[in-house]
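The values are calculated or read from the model by the stated rules, or taken from the named source; none is laboratory data. Since the model is a prediction, treat every value here as computed from it, not as a measurement. Positions of Cβ are generated from backbone atoms using ideal geometry, with glycine treated the same way; all protein chains shown enter the neighbour counts. When the accessible area is computed, the model is the full protein with side chains, heavy atoms only, and any ligands, DNA or RNA have been set aside. Shrake-Rupley method; radii C 1.70, N 1.55, O 1.52, S 1.80 Å.
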Amino acid sequence: TEDGWTVTTGDDGKRTYVRSFRVEGGQAVIKMTSDGVVSLVTATPADGWAVQKVQDSPGNMAVYFNETQHSFIIHVTWFNDRPFAQVSEVGS
């Protein structure tokens, strides 16, 4: 593991990073490859919450868990040759 990510290396030498994130609004499993492509494996909202994925490029994705006036955001991007994740909360 590296920084909370489970890392495997394929026969082609490509590294795959997988990490589970749990917030009050739900749980997400996110995968990223060493060529900088991020993907959502699963996203399960908690009761009363909704989930939304926003991805503006292959290497930049945010998963939102939303309820009225309250959100948790899991933002993952490729940075400095490794996956970088930031979890934030907006509202209450």
With contacts defined as alpha carbon pairs under 8 Å and 6 or more residues apart, what's the relative contact order of the chain in percent? 18 percent
What list of ³J(HN,Hα) couplings, whole Hz, do you get for the stretch 69-86 from phi and the Karplus terms 6.51, -1.76, 1.60, once you set θ to phi - 60° and write x for glycine and proline? 6, 7, 9, 10, 10, 10, 10, 10, 8, 8, 8, 6, 6, 7, x, 10, 10, 9
Counting only residues 5 or more apart in sequence or on a different chain, those whose built amide H sits under 5 Å from that of ALA46 are GLY26, GLN27
Quick tally, 1.4 Å probe accessible area for SER39, SER20, sorted with the most first, runs SER20, SER39
So, how do all the Cα-to-Cα distances of the chain break down into 10 Å bins, in percent, from 0 on up? 17, 49, 26, 7, 1
Magnitude of the charge dipole, the chain, Cβ model with Lys/Arg +1 and Asp/Glu -1, debye to 20: 100 debye
